[in-house]
Structure formats: C-alpha cells, structure tokens
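Q: Encoded as structure tokens, here's the structure I'll be asking about.
No lab work stands behind these numbers, since they all come straight from the coordinates. For clarity, every value in this text was computed on a predicted model and none was experimentally measured. Cβ sites come from the backbone with ideal geometry, for glycine too, and all protein chains shown count toward neighbours.
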Amino acid sequence: MIYASCKAMLKHKNPDWHPEQPDRIAYIWEAVKNIFGKNAITIIERKAKKEELYLAHSREYINYLFSIKGSVDLDYETFFSEHTLDAVLSAAGICLELIEHIIQGTYTKGFALVRPPGHHAAYGRAMGYCIVNNMAVAVHKALAMGLERIAVIDWDVHHGNGTQEIFFETDAVYFIDIHQANLFPENSGNTDETGRNKGKGFTLNIPVPADKDGNYYLDIMDTVVYPILRRFSPHLLCISSGFDALKGDSEGAMRLTPTDYRELTRKVCLWADELCEGKLLMILEGGYYIPSVSEALCAIFKNRKEGL
Ligand SMILES: [Zn+2]
C-alpha cells in the first residue's frame, strides 16, 4: 500500500472549537515517519482540475467554490477561508493520482491521507466539514477510465450521505455504509435507502447501535459485506476510512481499537487481492481523537510486513 499526503492540506483552517483540525494529518505524518522512516508517506502535489470535480459535483457548485473571495460559512460547521480551495483541490488531486496509478498498475493499493474529509459533500453542496467528495471524484475517474463495477465501503462512524446521493441511481457502484445509527446526518442511512432506478439494490446501509466493538464490525464484514462483494465482483474496491469509530472519539460512541482498524484493513486488502487483482483505494474521512487515529494508522502500516 502506498500512503500519500501533502502539506497544502494543513493550511485549511477551522475555528479553534472545531474538531477537524490540521493536526489530524500532521500527527499521523509525524507518528508514521517516526516509526517507519521519512519516506513512509509519499508526497503527491497535484491539484484536481475543475473538469475532474465536475465528474462528481454540479458545475454550479464547483464554479461557486472557485469564485469565493475571502471567508464563507458553507454551513454552520463547514468553513471556507483563504487556503481552503488549495486544500480541497490537493486532497482530491491525491485521490485522483492514486486511482490512476492503481488502474494503470504502477501499484495496486493506495491510502490517501487527506483533509478536509469528503463523504458528506453532496452533488451540489458542502456539509459536515466536507466540501468536495474525494471518494466520488476518484470513483468517477475510475469509471471514466473504463472500470465497470466499483464497490465502496464506508466505515466512518457517520453515514456517508454525500457518496450515497452521488451514486444512488447507478448500478456501476455498490455503496455499502456501516455507521452508528441515529447519528449525523439526521434521518440518513436507514435500511430502506437502497438506491433508485438502475441503482435500486446497489446501496446498502448497515446502521449499528452505539457502543459496539471491533468484533461486531469484523463480523458484519464477514457475514454481510463479503458475500455481496463476491456476488458483485468489483473491478476496484474503495474504502471511505473514517477513524471516528475509535473508542474515545468525541464524534461517535463506538469502541474500536487501533488493532481493529488494522484487522479491517487487512481484510479488505485480502479481499481486493482475491476479487479485483489487488486494486484498493482507501481515503481518510473522519477521526478526531488524534492520538488514537495516529496509532491506528501506525497499526495499519504494519500490514506492510505481509505485503499489504
Ligand atoms: Zn465521521
């Protein structure tokens, strides 16, 4: 797995009270470098182009983001200021660069360590700290490059409503979301949201009661997710990897440990090897208990010993 990031994303500022801070990336970076060496994280400095963002978002919305001068509150907790555009273009750019390499075969697995997160960003609007939907941009790029079936698993503790909305009417993307029931966004991620038109049956929501541990998640992965993936037979597996299901995270009430995240990641690496020639893209979403997120990333990194 290639782990990629860049410094432009550190410049996107949120108010001091806000949980989504540059330190989320800076701490991961430091922790991984200290244990695994300074080349452990690949720096990718690529900015997504407007046309690449139009794949997943409306032209009106993207043009609006490019037109903002100064600071704007996109919603009550999603803020846009001087360096935000640079940061979101860099985050999406890293995901695009990874997906191109994965499809072209330079390497098969990539993990985009990016911020701000993306999975609440919908077709035409920002939401919940998310401005551009990095996953949707990358998946649309993969479709444009000729892949026909892509599976997206979102295990952030919140429902990935933006990603769901963007792929709700297609049978080319199977979207599976495991999230804490009745959390943010309100009235989102229910089991009766299963897709529309051609996409009917290609969205699966798995709301989980609060206070569950890693074994609960691993069991869902084995008994529910894996059989679907076998049937769907994807050409690419993508993971919206939020770390806010970690025990102690202020935004959720789950009890996963860093080792659980290592196991979840190990599992999807092996499934990608079995089902889609190893092709796996992972993208950082939420995760706000910074020491634990860094520890989880370091735990996942150890999978490299097994060639994963
Ligand atoms: Zn989240």
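Q: Helix-derived [θ] at 222 nm for the chain: sum -39500 (n - 2.57) over DSSP H runs of at least 4, divide by residue count, nearest 500?
A: Helix contribution divided over all residues of the chain: -11000 deg cm²/dmol.
Q: Here's a follow-up. Using a cut-off of 23 Å between alpha-carbon atoms, which lysines can reach K302, once sequence neighbours fewer than 8 places away in the same chain are excluded?
A: In chain and number order, the partners are K33, K38, K109, K247, K267, K279.
Q: Quick one: if you take sqrt(5λ) for each eigenvalue of the C-alpha gyration tensor of the stretch 183-308, what semi-axes come out, biggest first, whole angstrom?
A: 23, 21, 12
Q: Quick one: work out the % antiparallel among DSSP beta bridges in the stretch 1-140, nearest 5.
A: The antiparallel proportion sits near 50 percent.
Q: Could you check the spin-label model distance between D222 and S67? Points 7 Å from the Cα along Cα→Cβ, value in nm.
A: Those two pseudo-labels are separated by 5.4 nm.
Q: Averaging sequence separations of C-alpha pairs under 8 Å and six or more residues apart, then dividing by the length of the chain, give the relative contact order as a whole percent.
A: It comes to 19 percent, rounded to a whole number.
Q: OK, next. Apply the Karplus curve 6.51 cos²θ - 1.76 cosθ + 1.60, θ = phi - 60°, to the phi angles in the stretch 82-99 and return the couplings in whole Hz, x for Gly and Pro.
A: Ordered by residue, 3J(HN,Hα) equals 3, 9, 5, 4, 4, 5, 5, 5, 5, 4, 5, x, 5, 4, 5, 4, 4, 5 Hz.
Q: For the stretch 64-89 and the stretch 242-308, what is the separation of their Cα centres, given in Å?
A: For the stretch 64-89 versus the stretch 242-308, the Cα centre distance is 29 Å.
Q: Using only the Cα atoms of the chain, what do you get for the radius of gyration and for Dmax, in Å?
A: Answer for the chain, Rg first and Dmax second: 17.4, 50 Å.
Q: Roughly what % of DSSP beta bridges within the stretch 2-306 run antiparallel, to the nearest 5?
A: Of the beta bridges lying entirely in the stretch 2-306, close to 15 percent run antiparallel.
Q: Right, here's the next one. Translational diffusion coefficient, Stokes-Einstein: compute it for the stretch 76-182 using the Kirkwood radius over C-alpha pairs as Rh, at 4 °C and 1.567 mPa s, and state it as an integer in µm² s⁻¹.
A: D, rounded to a whole number, is 90 µm²/s.
Q: How much net charge surrounds I150 when only the other residues with a Cβ under 12 Å from the Cβ of I150 are counted, with Lys and Arg +1 and Asp and Glu -1?
A: Overall, the nearby charge balance is +1.
Q: Could you pull out every residue, at least 5 positions away or on a different chain, whose amide H is within less than 5 Å of the one on I2? Hs are placed 1.01 Å off N in the peptide plane, and Pro or chain starts have none.
A: K109, G110, F111
Q: Write out the GluC sites (Glu not before Pro) in the stretch 271-308 meeting two conditions: DSSP loop, and at most 13 other Cβ atoms within 10 Å of their Cβ.
A: In loop regions of the stretch 271-308 (DSSP not H, G, I, E or B), the sparsely surrounded GluC sites (Glu not before Pro) are E277.
Q: What are the lysines whose alpha-carbon lies under 21 Å from the alpha-carbon of K198, with same-chain residues fewer than 8 places away excluded?
A: Of all the lysines, those that pass the test against K198 - Cα under 21 Å, at least 8 places apart if same chain - are K141.
Q: Here's something else I'd like to know. Checking the cross-link filter: which lysines have an alpha carbon closer than 26 Å to that of K69, excluding same-chain neighbours under 8 positions apart?
A: By straight Cα distance, K69 reaches K7, K11, K13, K47, K49, K50.
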